[in-house]
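Some notes on the structure that comes next.
The values are calculated or read from the model by the stated rules, or taken from the named source; none is laboratory data. This structure is a prediction, so every number in the text was calculated from the model and none was measured. Positions of Cβ are generated from backbone atoms using ideal geometry, with glycine treated the same way; all protein chains shown enter the neighbour counts. We work out accessible area using only protein heavy atoms, side chains counted, and drop any ligands, DNA or RNA first. Shrake-Rupley method; radii C 1.70, N 1.55, O 1.52, S 1.80 Å.
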Amino acid sequence: MHRLIGRRRFLRGAAAVATLGALNGCRLVPEGSRPETRERLQLARLRASADRITRVTVCTRPFRAAGPRFDVEKIGPKTVVHNYGHGGSGWSLSWGSGAIATANAIATGERDIAVIGCGALGLTTALLLQRAGARVIIYAKDLPPNVRSALATGLYTPDSRICLEQHATPAFKQAWAQMARQSFHTYLGFLGMPGTPVEFIDSYAVFDEPPGQAPRTAPDGRPAFAELQSELLADLMPRPDEFEPGRHTLGQRHVVGVSQLMFNLTAYTHTLLTEFNTYGGKIEVTEFHTPADFARLKEKTLVNATGYGARALFGDQSLVPVRGQLARTIPEPDVRYGLFYRNVGFVPRRDGLVFQVAGDSDYYGYDDDTEVPDREEAERAVNTIASLFAKT
Ligand SMILES: Cc1cc2nc3c(=O)[nH]c(=O)nc-3n(C[C@H](O)[C@H](O)[C@H](O)COP(=O)(O)OP(=O)(O)OC[C@H]3O[C@@H](n4cnc5c(N)ncnc54)[C@H](O)[C@@H]3O)c2cc1C
């Protein structure tokens with residue numbers, strides 16, 4: 001393992017880091033890969049300041065220690081195909097996960113299919129069902145942009161809080177890798193589309209000292225979250241670039257950069273909804289209080305993509321909320337790179353710059369479903385990144 005790319009949370013979950021990663025827990029830099037040395041790195045100046053914060057949003061990642069739920073359940077006359085519990089990886093795994101749910105739903109023989117939920121998983125599964133020839137109606141309490149998925153960071157982080165390491169069996173790893181690859185390749189098909197729903201960015205992890213290794217387990221001895229990306233997707237991860245002090249514009253620091261897929265969620269969601277409508281999809285706003293409420297639907301096959309909502313709807317106490325907060329600031333079209341510094345991530349989303357405190361482990365925000373914004377944390381996130389650009 002290269003000395004600069006230890007098993008650090010930021011590299012992983014957040015890791016991904018490169019920054020960004022850390023935000024969600026994926027690893028951007030493959031273990032064993034050697035950073036390349038490039039020419040001097042010139043980063044466009046970022047106007048990071050607390051007065052440019054436009055909003056602070058909070059949402060919960062729907063985490064299950066054993067990973068997402070995909071089984072098929074009979075509830076009265078209905079067949080319910082589950083597709084929820086993707087932790088910090090819901091967008092990243094959505095296409096592969098939706099493919100599993102689609103196969104399970106189509107296998108029932110029905111062609112009129114209901115999807116419960118209009119977040120990352122519901123929307124992608126609905127599209128895949130349409131592509132498979134089904135007539136689809138989405139039933140949901142909330143629609144974009146008022147769904148939790150709209151409050152995500154927007155990075156390809158497929159192993160972010162996806163399960164605990166102890167549950168990452170060989171069978172799970174195989175299924176996960178297939179989902180992650182299928183999603184990655186589907187996302188490539190959105191590159192270059194109008195509105196830039198998806199794009200590659202360069203993300204830079206910035207260190208005050210040459211970074212070393214961090215322990216794999218959480219500091220308080222709690223079980224580790226699975227880290228799968230470097231083991232199973234190394235071929236999808238570009239080699240990192242290394243910039244020593246003097247070869248970049250961020251002072252006497254050490255910088256490691258990687259390329260990473262980013263989702264501009266506003267444009268991306270619009271693209272998905274447009275396709276759903278084009279193929280005749282229908283949406284009905286409604287809330288289900290218990291599974292017995294499904295009896296009123298005319299469709300016999302249902303896909304359950306209710307995310308964290310499944311905890312109340314299905315009584316799934318294995319769903320644990322992992323709180324995450326974003327500070328959004330005014331977009332800056334010239335800033336096309338991400339940063340990760342002192343456990344804070346910055347993502348150059350075109351629909352609003354994102355600043356996020358990642359915490360020092362994946363347990364940051366664990367079992368916390370409070371959705372009240374923390375202004376102090378938001379300003380700390382912005383100010384930490386701003387300090388990289390302070391004149392010395
Ligand atoms: C701060 C943060 C950053 C994140 N960053 C990333 C990232 O960069 N990349 C990534 O891949 N993932 C990221 N995630 C994770 C990702 O956001 C989630 O995994 C994903 O949003 C889950 O989507 P979902 O469709 O399952 O749930 P949701 O988006 O919550 O959608 C659920 C849908 O079901 C509906 N519903 C729920 N209950 C009911 C009910 N009883 N009746 C009717 N309808 C109901 C809701 O109204 C909604 O339409 C992040 C999460 C957080 C919190």
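Taking region 68-98, which residues are out of contact with any Lys or Arg (no Cβ under 9 Å at 6 or more places or on another chain), away from the ligand (no atom under 12 Å from the Cβ) and closer than 15 Å to GLY307 by Cα?
Selection gives PHE70, ASP71, VAL81.
Looking at ILE330, ILE283, which one is over 19 Å from the mean Cα position of the chain (by Cα) and within 16 Å of the ligand (Cβ to nearest atom)?
That would be ILE283, the only listed residue that is over 19 Å from the mean Cα position of the chain (by Cα) and within 16 Å of the ligand (Cβ to nearest atom).
Identify, from the list ILE106, ILE113, ILE53, the residue that is crowded, with 18+ Cβ neighbours inside 10 Å, away from the ligand (no atom under 11 Å from the Cβ), free of Cβ contacts under 8 Å to residues at least 40 places away in the same chain and farther than 30 Å from PRO223 by Cβ.
When all the criteria are applied, what remains is ILE106.
So, in region 359-392, of the ones that are touching a residue at least 24 places away in the same chain (Cβ under 8 Å) and of a type in the set (Lys, Arg), which residue ends up farthest from TYR204 (Cα to Cα)?
This residue is ARG375.
Within region 355-374, restricting attention to residues that are farther than 28 Å from GLY221 by Cα and out of contact with any helix residue (DSSP H, G or I) (no Cβ under 9 Å at 6 or more places or on another chain), which residue is surrounded by the most Cβ atoms within 10 Å (Cβ to Cβ)?
Filtering region 355-374 for residues that are farther than 28 Å from GLY221 by Cα and out of contact with any helix residue (DSSP H, G or I) (no Cβ under 9 Å at 6 or more places or on another chain), the one surrounded by the most Cβ atoms within 10 Å (Cβ to Cβ) comes out as PRO373.
Could you check region 311-320 and list, in sequence order, the residues that are open to solvent by less than 30 Å² (accessible area, probe 1.4 Å) and either near the ligand (Cβ under 7 Å from one of its atoms) or free of Cβ contacts under 8 Å to residues at least 60 places away in the same chain (or both)?
The one that is open to solvent by less than 30 Å² (accessible area, probe 1.4 Å) and either near the ligand (Cβ under 7 Å from one of its atoms) or free of Cβ contacts under 8 Å to residues at least 60 places away in the same chain (or both): LEU313.
Quick one: count up the residues across region 68-101 that are under 26 Å from VAL198 (Cα atoms) and touching a residue at least 40 places away in the same chain (Cβ under 8 Å).
Summing the residues that are under 26 Å from VAL198 (Cα atoms) and touching a residue at least 40 places away in the same chain (Cβ under 8 Å) in region 68-101 gives 19.
Assuming PHE184 fulfils every condition listed in (1) away from the ligand (no atom under 13 Å from the Cβ); (2) within 21 Å of LEU128 (Cα to Cα); (3) open to solvent by 10 Å² or more (accessible area, probe 1.4 Å) apart from one, which condition is it?
Of (1) away from the ligand (no atom under 13 Å from the Cβ); (2) within 21 Å of LEU128 (Cα to Cα); (3) open to solvent by 10 Å² or more (accessible area, probe 1.4 Å), only one is false for PHE184: (1).
Is it true that ASN343 is more than 10 Å from the ligand (Cβ to nearest atom), at positive phi and touching a residue at least 60 places away in the same chain (Cβ under 8 Å)?
When the stated conditions are applied, ASN343 passes them.
Using beta carbons and a limit of 6 Å, which pairs, at least six apart or on different chains, have the first residue in region 253-282 and in contact (Cβ under 8 Å) with a residue 24 or more places away in the chain and within 13 Å of LEU123 (Cα to Cα) and the second one of a type in the set (A, V, I, L, M) and part of a strand (DSSP E or B)?
What qualifies is GLY281/VAL136; LYS282/ILE137.
Among the candidates ARG328, ARG323, single out the residue that is closer than 28 Å to LEU41 by Cβ and in contact (Cβ under 8 Å) with a residue 12 or more places away in the chain.
On the way: ARG323 fails: closer than 28 Å to LEU41 by Cβ.
None of the other options fit; the residue is ARG328.
Could you check region 296-310 and list, in sequence order, the residues that are within 11 Å of the ligand (Cβ to nearest atom) and out of contact with any helix residue (DSSP H, G or I) (no Cβ under 8 Å at 6 or more places or on another chain)?
Across region 296-310, the qualifying residues are GLY309, ALA310.
If you scan region 140-179, which residues turn out to be near the ligand (Cβ under 10 Å from one of its atoms) and either of a type in the set (A, V, I, L, M) or surrounded by fewer than 18 Cβ atoms within 10 Å (Cβ to Cβ) (or both)?
Scanning region 140-179 gives ALA140, LYS141, ASP142, LEU143, ASN146, VAL147, ALA150, LEU151, ALA152, LEU155, ILE162.
If the requirement is being open to solvent by less than 30 Å² (accessible area, probe 1.4 Å), over 18 Å from ILE201 (Cα atoms) and among the acidic types (Asp, Glu), which of these qualifies: GLU227, GLU231?
GLU227
Identify, from the list GLU244, GLU287, the residue that is touching an Asp or Glu at 6+ places or on another chain (Cβ under 9 Å) and either open to solvent by 20 Å² or more (accessible area, probe 1.4 Å) or free of Cβ contacts under 8 Å to residues at least 60 places away in the same chain (or both).
GLU287
Step by step: first the residues of region 118-133, then only those that are over 11 Å from the mean Cα position of the chain (by Cα) and either among the β-branched types (Val, Ile, Thr) or open to solvent by less than 10 Å² (accessible area, probe 1.4 Å) (or both), then the one that is farthest from the ligand (Cβ to nearest atom). Which residue is that?
LEU129
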